[in-house]
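> Attaching a single structure in structure tokens format; questions to follow.
Just so it is clear, none of the values below were taken in a lab; they were calculated from the coordinates. Every value quoted in this text rests on a predicted model; they were computed, and no experiment measured them. Backbone-built Cβ (ideal geometry, glycine too); neighbour counts: all protein chains shown.
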Amino acid sequence: PKADPILVADDVTRAFGGIAAVDVAHLEVPRHAITALIGPNGAGKTTFFNVLTGFDRADSGRWTFDGQPAERLGAARAARAGMVRTFQLTKALNRMSVLENMRLGASGQPGEKLAVALAAPLWRRREREITDKAMTLLERFRLDAKKDDFAGSLSGGQRKLLEMARALMSDPKLIMLDEPMAGVNPALTQSLLGHIRQLRDEGMTVLFVEHDMHMVRHVSDWVVVMAEGRIVAEGPARTVMHEQAVVDAYLGAH
Ligand code: ATP
């Protein structure tokens, strides 16, 4: 067991049509560290993310976030508790400006439904504060000059930065990044990795999903490997990659 983990999950299962997408006996996510959840395509990483953050239901299992039971929170309350995940930009979000995307992140749960929240009086009172915060984050991620552009016009790397910046709008304790390096050119990858490290250095806990194991080597403090729904190995990046179970999981996937 790790000292004071931020997230602890036990016996979490989720099946689709009799196939176990997730069947995790035990997971601990260390606090103030960068953890990569890796595994070949179809390993169940995204499903596990969805379940933990309340965007999908588990068939069974228990987990705590920051010491509190979290399996019944649902997506909105999990986000408010400080567990925030990124989302790939959907069609609807693509048609909104960069700044509008950021403002949706203030609710911790971006999505099409939240367009409705724009009209809520409570939301409007905080509008100035939210816009100021959005601009500060856009400057940090060097997207401020793009604030009025459609999110859909951004490059692959800029979209990843926007997804991250948007998640930070709700001041998470744990930021869960969905394939933050996918479709990002090498130059911007370095910048992205720098931002991820900086979040950790500021005291945040980072958990990210990635299927390419070579991408995680230089940025992860801890690596958890999933295959066929189960966790098959975990450890520091430089050693876990060479474990037989990990080599087999990746070979088996090709
Ligand atoms: P990738 O790296 O390709 O994103 P992954 O590790 O995230 O893969 P999941 O997307 O979680 O894997 O998928 C795990 C398994 O669950 C796969 O067999 C997938 O087909 C199945 N699955 C996921 N979501 C659903 C769904 N909504 N309905 C049916 N099957 C699903």
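> Pick from M83, M213, M181: which is most flexible by mean-square fluctuation in a GNM of the chain where alpha carbon atoms under 10 Å apart are linked?
Evaluated over the chain, the most mobile residue of the options is M213.
> Using θ = phi - 60° and the Karplus relation 6.51 cos²θ - 1.76 cosθ + 1.60, list the HN-Hα couplings for the stretch 172-178 in order, rounded to whole Hz, with x at every Gly or Pro.
Result, ordered by residue: x, 8, 10, 9, 10, 9, 8 Hz.
> Between T131 and A187, what's the calculated FRET efficiency when r is the beta-carbon distance and R0 is 35 Å? Round to 0.05.
0.75
> If you find the alpha carbon centre of the stretch 27-100 and of the stretch 145-200, how far apart are they in angstrom?
Going from one Cα centre to the other spans 16 Å.
> A follow-up question, please. Could you order peptides 235-248, 38-51 by the average number of other Cβ atoms within 10 Å of their residues, highest first?
Listed from highest to lowest mean packing, they are 38-51, 235-248.
> Principal axis lengths of the chain from Cα atoms, whole Å, largest first?
52, 40, 37
> Taking the alpha-carbon set of the stretch 139-185, what are its Rg and Dmax in Å?
Cα only, the stretch 139-185: 10.9, 30 Å (Rg, Dmax).
> Which loop GluC sites (Glu not before Pro) in the stretch 198-242, with loop taken from DSSP, have no more than 14 other Cβ atoms within 10 angstrom of their Cβ?
E202
> Where Rh denotes the Kirkwood radius from the mean inverse Cα pair distance, what is Rg over Rh for the stretch 1-77?
0.95
> Right, something else. Give me the number: length gained by fully extending A25 to D171, i.e. 0.36 nm times residue separation minus the C-alpha to C-alpha distance, one decimal in nm. Provide the component values of the computation, followed by the final result.
Details: separation 146, 0.36 × 146 = 52.56 nm, distance 2.96 nm.
The span from A25 to D171 would gain 49.6 nm if fully extended.
> Here is a follow-up. Give the angle, between 0 and 90 degrees and rounded to the nearest 10, that separates the Cα long axis of helix 156-168 from the longest principal axis of the Cα atoms of the chain.
80
> Set the Förster radius R0 to 22 Å, insert the Cβ-Cβ distance between R142 and D201 as r into 1/(1 + (r/R0)^6), and round the FRET efficiency to 0.05. Don't skip to the answer; put the middle values down first.
Values: r = 19 Å, r/R0 = 0.84.
My answer for the efficiency is 0.75.
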